[in-house]
Amino acid sequence: MHNNNKELTLSAPLSGPVLTLARVPDAVFAGGAMGDGIAIDPLNDTLHSPCAGVVIHVARTGHALTVRADNGAELLLHLGLDTVELQGDGFSVLVKEGARVSNGQPLLRYDVDKVGRRCKSLVSLLILTNGEDFQARPITLKNVKVGEPLLHIIARTPQAANTEERAGPEVRAQVRVAHRGGLHARPAALVRQTAQGFQSRSQLHFAGKSAPCNSLIGLMGLAVGEQDDVQVSCQGPDADAALQALIAALATALPQDRHAAVAPASHPVPKRPAEAGVLQGVCAAPGLVDGPLFKLNAISLPPDAGGHDPAGQRQAFDAALNEVRREIDGTLAQAKRLGNTDEEAIFAAHLALLEDPALLDAAAQAIDGGNAATHAWSQSIDAQCQVLQQTGSALLAERANDLRDLRQRVLRALLGETWHYDVPAGAIVAAHELTPSDLLQLSGQGVAGLCMAEGGATSHVAILARGKGLPCLVALGAALLDQEQGQAVVLDADGGRLELMPGAERLAQVGQIRQERQERRAAQQLRAHQPAATLDGVSIDVAANVASSAEAADALANGADGVGLLRTEFLFVDRHTAPTEEEQRAACQAVLDAMGDKPVIIRTIDVGGDKQLDYLPLPPEANPVLGLRGIRLSQARPEILDQQLRALLQTRPLERCRILLPMVTEVDELLHIRRRVDALCGELGIERRPEIGVMIEVPAAALQAEQLAEHADFLSIGTNDLSQYTLAMDRDHAGLAARVDALHPALLRLIAMTCAGAAVHERWVGVCGALASDPLATPVLVGLGVRELSVSPVQIGEIKDRVRQVHETECRRLAHGLLKLSSAAAVRHACHQHWPLR
Ligand code: PEP
Ligand code: MG
């Protein structure tokens, strides 16, 4: 087949009717989660290679393989739906992994009767898995025979986009929009994405107005409602295929419109009795500081006299757009790493808006008319904000906030050196809501603390602030921004209070407390490398949660007794391609090496739900956190877990490597993975398999701790998810931030039950969720029977110190009394009474 190095025409691997992915009766493939591609309902029994290339993966169960074409495109060939469940029965793979194959070469034969009877459907897929580099464009949607042209694969290069030919007849169709709430941001993004998969130019027409399908703002600006009839028109070489795909995208409601249902900017702040001169908020990073309040303001531009050189302004504008795109890409990668899907969706929409022709064309026109790029951009944003606000839809009006956010970012990039926050060191910064990049810049300038009117305690900024030891309060409300610039304030993050009128006495008191804390920290660090035991001699290991070998080295330097949790899903978060077995082995080995002779608990990949990885696309979910995540991934993609286990089993010394399984809900899951590990040990000639532990992070696991402990070597409690699932409160919900508290009596009961169950089989229990890093909780956890606390590296000295202050017998007696209290707040209060924090 024709191959000009970047472009490639794939031939049909099977004979039969061709279907678009949207028509495949499987949410994973139909939603495009695995990538773009095409499907065939096969009439023959042999799957052929669609091009020349190398077989880079063969599924253990023989139902699928991946071929890398010579131009780099990676093509997954998947025979039938749910055929993984046949465990290889009825399939014979005719090639080996690593083999070079020619176009049309037979790859896989299957028993049509056997497979056909036992699987959900024989509909088979050809999926382009590295869609970030290539695009797939259907050539035909009719019947094909093996070897006939099926799909164009085109490299994604700016040139390819510019040289697209859009000649050809126009085709049109009417369709009823099925999306809940109409064409708001998410469905509009889906339509745009669909249109971009084709060469043809597509437009949507509604109520006398038209918008190009590649403009998010244009589409939203049409204000199409649910069940409205719209016209779609497509013109170009693949117009028919584009039209069909767009009809499907418009007429099929998204499984769940989470972002439509939630108004992002209105998080209720928990009501507490008002105190004069004090604003109440939620603690995002602890600490107590005082200083002048410094409000960050939006950029205001001086009037523009015009007469600028368009070429120079154009260049500056393009450079600024590129810079912002890079920044957002970085934020997006971090959001993925932290599993923050809301943040991810917002920044993905920002990226799409940044490419929007409606915005860019207006700005370009203004620049050509002699305006400064700063003003051209600003005006273009204002005009589009107006368009969105005039739609009368509250949902679309919300998007105007996103545009204003982009205005700031691009202006900041354009103003470059002349724009930066000039914040005095020691100031307490107040803002509506800070971005991660704001935070990094501000912490570099030595600010003392941060306050935000909005935001949540588990947001990205909050995590960064904690990591930097910067006290931070969120959700203080709009009154924060009414305060005077420069007024002296006290930020008591631990108490959730911003004191607006501290007297001289209070300021002196704060100064003294801070001095004492510094001295105490210095003393704690001195003893951080010694083991910790309670006053009555019970040893407690204080380990660290890490995400890389660099963090492990930091943990060891801070006195960690081991790694209590390596989140392996973070090791390769910035990658677009899956790590190989050897890359995974090397990354885990580096963590073991960084920890000297200490043990390292390595958790198998906990992806899915709210944590997504680019290289591991998973089905879109109606309820992501209740979906295919953690160990459940082995249900959908057994080969991924197998590969990771093989990598772990090849680290040395294996005695120091302990395997931890996330999101286990029943004993059979553990038994299944144990059998897999045993089998892999056999294959690799390993005589003693490493210890296997189970995360206790869903109530079902805590309730069955005794049964799990019978087959596990240790249990590790994930209080973050255990809180979320026990309290039915999203762990990232800003409005519930104050209530997602793992010291809730119900959580304490589950922890007590876990320790009691483990004790029956003499297994040890650790805590690796955030509660382990809370010094107020240390005596409670010790009292309930926890013997390892895995904390953030900077807190090792502090938590060891806390262990050394308490009697285990007394902790046990008092901790069990806390189970009967009425709320998390009551437990916190009692803890302060029993074991005051110094
Ligand atoms: C937890 O849920 O407490 C945990 C440690 O896992 P993660 O935060 O990675 O979900
Ligand atoms: Mg978890």
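Gly72 meets the stated requirement of being more than 22 Å from Gln635 (Cα to Cα) and either at pLDDT 85 or above or outside the structural domain of Leu150 (by TED's automatic domain parsing) (or both). Is it true that some residue in segment 737-753 is surrounded by fewer than 22 Cβ atoms within 10 Å (Cβ to Cβ) and closer than 25 Å to Asp554 by Cβ? Checked segment 737-753: no residue is surrounded by fewer than 22 Cβ atoms within 10 Å (Cβ to Cβ) and closer than 25 Å to Asp554 by Cβ. What number goes with the only condition from (1) within 16 Å of ligand 2 (Cβ to nearest atom); (2) more than 18 Å from Trp764 (Cα to Cα) that Ala702 does not pass? Looking at each condition in turn, Ala702 falls short on (2).
Among the residues of segment 640-675, write down those that are basic (Lys, Arg) and away from ligand 1 (no atom under 16 Å from the Cβ).
Correct list: Arg646, Arg652, Arg656, Arg674, Arg675.
Candidates are the residues of segment 756-769 that are over 13 Å from Asp713 (Cα atoms) and surrounded by 20 or more Cβ atoms within 10 Å (Cβ to Cβ); the one that is farthest from ligand 1 (Cβ to nearest atom) is Val767.
For segment 106-128, the tally of residues that are of a type in the set (Ser, Thr, Tyr), within 18 Å of Val67 (Cβ to Cβ) and either without any contact (Cβ under 8 Å) to a residue 12 or more places away in the chain or in contact with a Pro (Cβ under 8 Å, 6 or more places away or on another chain) (or both) stands at 1.
How about segment 63-85: which of its residues are over 22 Å from Thr9 (Cα atoms) and in contact with a Ser or Thr (Cβ under 7 Å, 6 or more places away or on another chain)? Result: His63, Gly80, Leu81, Val84.
Note on segment 543-554: among residues that are under 16 Å from Ala587 (Cβ atoms) and of a type in the set (Gly, Ala, Ser), the one that is farthest from ligand 1 (Cβ to nearest atom) is Ala553.
Within segment 694-722, the residues that satisfy the criterion of being near ligand 1 (Cβ under 8 Å from one of its atoms) and either part of a helix (DSSP H, G or I) or surrounded by fewer than 24 Cβ atoms within 10 Å (Cβ to Cβ) (or both) are Thr719, Asn720, Asp721, Leu722.
Within segment 214-245, the residues that satisfy the criterion of being farther than 19 Å from Ala358 by Cβ and either within 34 Å of the chain's Cα centre (by Cα) or of a type in the set (Gly, Ala, Ser) (or both) are Gly225, Glu226, Gln227, Asp228, Gly236, Ala239, Ala241, Ala242, Leu243, Gln244, Ala245.
With respect to the conditions (1) more than 16 Å from ligand 2 (Cβ to nearest atom); (2) in contact with a Pro (Cβ under 7 Å, 6 or more places away or on another chain), Arg675 falls short on a single one, namely (2). For segment 527-551, the tally of residues that are of a type in the set (A, V, I, L, M, F, W, C) and at pLDDT below 95 stands at 3. It is to be established whether one or more residues within segment 229-237 are assigned to a helix (DSSP H, G or I) and modelled with pLDDT under 90. Among the residues of segment 229-237, not one is assigned to a helix (DSSP H, G or I) and modelled with pLDDT under 90, which makes the answer no. The set of residues from segment 629-668 being away from ligand 2 (no atom under 13 Å from the Cβ) and not in a helix (DSSP H, G or I) comprises Arg637, Gln650, Thr651, Arg652, Pro653, Cys657, Arg658, Ile659, Glu666.
Which one is surrounded by the most Cβ atoms within 10 Å (Cβ to Cβ) among residues in segment 198-240 that are of a type outside the set (A, V, I, L, M, F, W, C) and over 28 Å from Leu19 (Cα atoms)?
Quick first cut of segment 198-240, residues of a type outside the set (A, V, I, L, M, F, W, C) only: 199-203, 205, 208-210, 212, 214-215, 218, 221, 225-229, 231, 233, 235-238, 240.
Going one step further and asking which of them are over 28 Å from Leu19 (Cα atoms), we end up with 208-210, 218, 221, 225.
On the way: Gly208: 5, Lys209: 12, Ser210: 12, Gly218: 23, Gly221: 20, Gly225: 14.
Taking the candidates together, the pick is Gly218.
Is it fair to say Leu776 is out of contact with any Lys or Arg (no Cβ under 6 Å at 6 or more places or on another chain), outside any loop (DSSP other than H, G, I, E, B) and crowded, with 21+ Cβ neighbours inside 10 Å? So Leu776 does not fit the description; no.
Against the condition in contact with a helix residue (DSSP H, G or I) (Cβ under 7 Å, 6 or more places away or on another chain) and either at pLDDT below 90 or over 25 Å from Gln386 (Cα atoms) (or both), how does Leu246 come out, does it pass? Answer is yes for this residue. Remark: Asp713 falls outside the filter, which requires a residue to be within 16 Å of ligand 2 (Cβ to nearest atom) and of a type in the set (Asp, Glu).
The condition (being within 16 Å of ligand 2 (Cβ to nearest atom) and either more than 27 Å from the chain's Cα centre (by Cα) or in contact (Cβ under 8 Å) with a residue 40 or more places away in the chain (or both)) is satisfied by just one residue among Ile540, Ile602: Ile602. Return yes or no: is Gly817 in contact with a Cys (Cβ under 7 Å, 6 or more places away or on another chain) and either part of a helix (DSSP H, G or I) or of a type in the set (Lys, Arg) (or both)? Against the criterion (in contact with a Cys (Cβ under 7 Å, 6 or more places away or on another chain) and either part of a helix (DSSP H, G or I) or of a type in the set (Lys, Arg) (or both)), Gly817 does not qualify.
Look at Leu727 and say whether it is crowded, with 24+ Cβ neighbours inside 10 Å and within 16 Å of ligand 1 (Cβ to nearest atom). No. The set of residues in segment 479-505 that are part of a loop (DSSP other than H, G, I, E, B) and over 16 Å from Gly291 (Cα atoms) comprises Asp494, Gly495, Gly496.
The values are calculated or read from the model by the stated rules, or taken from the named source; none is laboratory data. It should be emphasised that the depicted structure is a prediction, and the values quoted were computed from it without experimental measurement. Because the Cβ atoms are built from the backbone with ideal geometry, glycine has one as well, and the counts that use them run over all protein chains shown.
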